[in-house]
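Enquirer: Can you read through this structure? Questions will come right after.
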Amino acid sequence: MNFTSKIINGHYLVSSSATGAMSLLSPTEYLVFVAISKAGSEDPGEVVKRTLASHGCKQEEIENFLGIFLRKLKQQGWFRTERVEMEVPALQVIYLTLTTSCNLSCSYCYIGDDRRVADHFMKISEVETIIQKIRRQNPSARVIVTGGEPFTHPKIQEILDILESNNLRFSIGTNATLIDESLAKKLKGYLNLVHVQASLDGITPEVHSITRGNSYQATINGINNLAKYKVCYSLAPTLHQGNLHEILDIARFAYCNGGFFSPNHLRKFPHAPNACNVSLEQESLRKIIIETFEKIRKEFDNTNEPEMFDNNSENIQDTRCRYVCGNAWYNVDIDWNGDVYPCHLLREKEFILGNILKEDFPDILEKGRNSKTRVRAYEIPKCRECPFVATCAGGCRASAFYNDGTLAAEDEFCEILYKFEVDKLFLKKNLSFHM
C-alpha cells in the first residue's frame, strides 16, 4: 500500500490519493498498518498477529484487535487497488422553488435581486405534475419547499396538502414572518412534514436587521407559533461577522423552545451585490461553530435532532468513495417554471438540465449524471492530493464557480473544511481535539 502520513496530536492521518483510502490511526494502529503495508501479498491477519505478539501483546488482546482493525481498513478503502465511486441513489432531495417572490430582500439571498420577481408562481396543476413525476422516480425522496418565500404563494396550503396526500416527505425553508397561529396549527397536522427551517440572523432586532431588514418581531412571532403547536423546526442563521456574538444565544433560544439549530455560513454571489456589506472570516466561523455546538451538547440533550439529510450520507462518508458533489443527481432544484438546475445555488441558464414539465426525470437525470457541474475531486488541482479527496468531494461547486470562474476549483472555505474533517475523525474516536 502506498500512502502518505501526517502526525496530528499523537495520531496518524494516513491517506492514499490513488484509491481515496484514509484513516486516523493511533500509534498502535499505525505500527500494525505500516507492517501490513510492507508485507506485500502476505495475509494481513497473520501480519497483525505477528506484529502485536512481537510487542508483548497477549493472545486475547490480539484477537480483540484483529477483527475490528481489519474491518476498519477494508471499510476505509485500504484493500482497494483503484478509485471506486459509490453508486449514490438518484433524486433523493428535490428543492421545489414554488416562487421567486419574497416579502423580504435579504442582502445575501442566493436568488438575487434581479431574479426576485413578484408574479413568478408555480401553478397547482404544475405542482401536481411534478409531484407525480417525483413519485414515479423515487417515492422516498425528500422535497424541500422553498422560494423566494414559499408562504407568499397564494396556494401554499393546497400545495402542502398535495405533498401530504401523495405521502412524500417534505421540509419547508422560510423566513417565518408569515406563520400565524392558524398556519402553525395546520403545519402540525402534516404527518409527512419533516421539519420547518426558519431563518433568524440575530437574537436582537439590531443584529437580525443587518441582513434581514425590519423583520425581527414578525420572525420571532412565527417561530413562537411553531413552538406553541410543537411543529418540528430548526433555526438557521446565516453566519457573518456581525452576528457571530449572538449565535450561541440563537441556538439556546431554539433548544429552549423545542427547536433545533442548523446554521449556514455566508456565501456571496454576484447576483446578490448587497452581500458585500457583510463579511465572514474563516477562523471566526470555525471557532464559533465549535464553541457553540460544544456548549449546546453540554446544556441540552440534542440527540434526537430531525433527519436533515438522507441516511446514505453517513455511509458514503465512511466508505471513502465520495468524489463528487451530489448536484444534478442526488439532488436537484426545480424552479417555479419547471426548469431543473443542478442545485439551488447553481441557478444559471447555462446549467439548466431540462424542464420537468416537458421531460421526465430519467432523461433529465441522465443529463445530470454527465453534466459539467459534476467535477470529481481528483480533477481539482488542490484537492487531488488531499487526504479527504474521497470524502469532501471538493466542497461546493457553486462556490468554485462564483469565486474562481471555474467548476474545477476548491471550495472557498477549503482550509476550514479540512480542519472540520479532521475534527470529525477525532470525534469518531471519542477524542476531543481541534486543530
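Enquirer: What is the magnitude of the charge dipole of region 133-270 about its Cα centre, with +1 placed on the Cβ of each Lys and Arg, -1 on the Cβ of each Asp and Glu, and no other charges, expressed in debye to the nearest 20?
Expert: That gives region 133-270 a dipole magnitude of about 600 debye.
Enquirer: Which far-off residues, 5 or more places away or on another chain, put their amide H under 5 Å from the one on F261, with H placed in the peptide plane?
Expert: HN-HN under 5 Å from F261: L235.
Enquirer: To continue, here is another question. Could you check what % of the DSSP bridge pairs in the chain are antiparallel, to the nearest 5?
Expert: So the antiparallel bridges in the chain amount to around 35 percent.
Enquirer: Can you tell me how region 370-428 classifies by the Cα gyration tensor, rounded, prolate or oblate, using a/c under 1.5 as the rounded cut?
Expert: Prolate.
Enquirer: Let me ask you something else. Using the alpha-carbon atoms, what tilt in degrees (0 to 90, nearest 10) does helix 124-137 show relative to the longest principal axis of the chain?
Expert: Helix 124-137 sits roughly 20 degrees off the main axis of the chain.
Enquirer: Can I ask one more? Put +1 on the Cβ of each Lys and Arg and -1 on the Cβ of each Asp and Glu in the chain; which of I36, Q217, N277 then has its Cα farthest toward the positive end of the dipole?
Expert: I36
Enquirer: Could you tell me which of C102, Q76, V14 has its Cα farthest along the dipole of region 1-114 towards the positive end, charges placed at Cβ (Lys, Arg +1; Asp, Glu -1), taken about the Cα centre?
Expert: V14
Enquirer: Using θ = phi - 60° and the Karplus curve 6.51 cos²θ - 1.76 cosθ + 1.60, what whole-Hz ³J(HN,Hα) does each residue of region 219-235 get, with Gly and Pro shown as x?
Expert: With coefficients 6.51, -1.76 and 1.60, one gets 5, 4, 4, x, 5, 4, 5, 4, 5, 4, 9, 6, 7, 5, 9, 10, 9 Hz.
Enquirer: Now a separate question. Calculate the dipole size of region 115-156 relative to its Cα centre from +1 charges on Lys and Arg beta carbons and -1 charges on Asp and Glu beta carbons; express the result in debye to the nearest 20.
Expert: Dipole about the Cα centre, nearest 20: 180 debye.
Enquirer: So what's the Cα pair-distance distribution over region 1-101, bin width 10 Å, in %?
Expert: Reading upward from the zero bin: 13, 38, 24, 10, 8, 4, 2, 0.
Enquirer: Sticking with this structure for a sec: Net charge around G395, counting only other residues with Cβ within less than 9 Å of its Cβ (Lys, Arg = +1; Asp, Glu = -1)?
Expert: Charge balance in the 9 Å sphere: -2.
Enquirer: Going by alpha carbons, how many degrees (0 to 90, nearest 10) lie between the helix axis of 156-165 and the longest principal axis of the chain?
Expert: Compared with the principal axis, the helix lies near 50 degrees.
Enquirer: Same structure, new question: Mind checking which lysines have their Cα closer than 25 Å to the Cα of K155? Skip sequence neighbours fewer than 8 apart in that chain.
Expert: Within reach: K123, K133, K185, K186, K188, K228, K230, K358.
Enquirer: Sorting check: for 232-242, 323-333, 210-220, which peptide has the highest mean count of neighbouring beta carbons within 10 Å, and how do the rest follow?
Expert: Per-residue mean Cβ counts within 10 Å order the peptides as 323-333, 232-242, 210-220.
Enquirer: For the chain, take the longest principal axis of its alpha carbons; what is the angle in degrees between that and the long axis of helix 59-75, to the nearest 10 within 0 to 90?
Expert: Orientation of helix 59-75: about 50 degrees from the principal axis.
Enquirer: Per residue, how much accessible surface does the chain expose to a 1.4 Å probe? Answer in Å², no decimals. Working shown, then result.
Expert: Numbers: 19460 Å² over 435 residues.
Result: 45 Å² per residue.
Enquirer: Once all Cα-Cα distances of the chain are split into 20 Å bins that start at 0, what whole-number percent is in each one?
Expert: 23, 54, 21, 2
Enquirer: Over 23 Å between Cα atoms, which of K287/K419; K38/K72; K38/K424; K268/K295 qualify?
Expert: K38/K424; K268/K295
Enquirer: Of all accessible surface on the chain at a 1.4 Å probe, what whole percent is carbon and sulfur?
Expert: Whole-percent figure for carbon plus sulfur exposure: 50.
The values are calculated or read from the model by the stated rules, or taken from the named source; none is laboratory data. Given the structure is predicted, the values throughout are model-derived calculations rather than measurements. With ideal geometry, Cβ positions are generated from the backbone for all residues, glycine too; neighbour counts draw on all protein chains shown. The accessibility values were calculated without ligands, DNA or RNA, using every heavy atom of the protein model including side chains. Shrake-Rupley method; radii C 1.70, N 1.55, O 1.52, S 1.80 Å.
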